[in-house]
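Reviewing the structure listed below.
The values are calculated or read from the model by the stated rules, or taken from the named source; none is laboratory data. None of these values were measured; they are calculated from a predicted model. Counting neighbours? That spans all protein chains shown, and the Cβs are built from the backbone with ideal geometry, glycine included. These accessible areas exclude ligands, DNA and RNA; they are computed on the full protein's heavy atoms, side chains included. Shrake-Rupley method; radii C 1.70, N 1.55, O 1.52, S 1.80 Å.
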Amino acid sequence: MPLPEYELFALRYAHREARRAEHFVGGDPHDGPMPMAYYIWVISGAGRIVLVDCGFDAEVAARRGRTLLQTPTELLTLLDIDPAVVPDLVLTHLHYDHVGNLDLFPSAMFHLQEPELHYAVGRHMRHPYLRAAFEVEDVVALVRLNYAGRVRLHNGVVPLYPGITLHPAPGHSAALQFVQVNTKRGLVVLASDATHFYENMESGRPFTVVVDTAGTLESYDCLRLAAASPEHIIPGHDPLVMDRYPAPSPALKGLIVRLDVPPVG
Ligand SMILES: [Zn+2]
């Protein structure tokens, strides 16, 4: 049977101003403005909805100086998706900007690579530098969800559904995973923070938050192997994604783009 061809969306929920030197290990010789976008992603088709990551909330946005544009759940309702009934939520990793709204998805099964949870509750979290990207309340919430039977902890490459595959790519965090999705334009890879910007991967210079630099560099090759072409790789925080892909409708311009169709810009 042929694999389902899913529709795929990037939903931009937040923004921050930043400089180039903040985004590359070792800085950047041509420092200048380089803003960062924050996304969640929706996979839709074959009678199923899979959400990838769930963003942060207003309190965390204010405390960390991020500009919340729309809450992730508001954006989902713009696509006629009721957060209360979303059945599957893939967590690419446990950093605050990916797992901040777990309680808003009461029907979801959460999918995570097991070593990511071990890392987030383990010995390294005593170091401020290593725990800075985690919110302890998010980690505790996930532990509680696990005790409630609502977390699937995966180890390695896992087919979630036909045409949707989870791939571990440790480096930025201990056990980040990216998501490979079959679409009508071929296999698209939601890289999440395996590459924050197109330029991290293209220039082979990792983002500044990194647990394992060598692993991060290796994961760029994993992304390329999993995608139909380099053009099919969607970075986790690049505002260019909003420019390169079309909105599903004029009303959603600037908020949501479709990734299952070829880039336009
Ligand atoms: Zn992130």
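In a residue-by-residue description of the stretch 53-60, the property of being over 21 Å from residue 211 (Cα atoms) and among the aromatic types (Phe, Trp, Tyr) applies to at least one position. Restricting attention to the stretch 94-130, the residues that are away from the ligand (no atom under 15 Å from the Cβ) and under 19 Å from residue 59 (Cβ atoms) total 4. Scanning the stretch 228-253 for residues that are in a helix (DSSP H, G or I) and farther than 22 Å from residue 166 by Cβ yields 240, 242, 243, 244, 250, 251, 252. Cβ-Cβ distances below 9 Å connect the following pairs, each with a first residue in the stretch 125-151 that is at pLDDT below 95, a second residue that is open to solvent by 20 Å² or more (accessible area, probe 1.4 Å) and more than 16 Å from the ligand (Cβ to nearest atom), and a separation of six or more residues or different chains: 130/124. Is it the case that some residue within the stretch 71-83 is within 16 Å of the ligand (Cβ to nearest atom) and either touching a helix residue (DSSP H, G or I) at 6+ places or on another chain (Cβ under 6 Å) or within 25 Å of residue 199 (Cβ to Cβ) (or both)? Checking the stretch 71-83: not a single residue is within 16 Å of the ligand (Cβ to nearest atom) and either touching a helix residue (DSSP H, G or I) at 6+ places or on another chain (Cβ under 6 Å) or within 25 Å of residue 199 (Cβ to Cβ) (or both). Residues in the stretch 217-265 that are within 16 Å of the ligand (Cβ to nearest atom) and modelled with pLDDT under 95: there are none. There is at least one residue in the stretch 213-221 that is over 20 Å from residue 133 (Cα atoms) and without any contact (Cβ under 8 Å) to a residue 12 or more places away in the chain.
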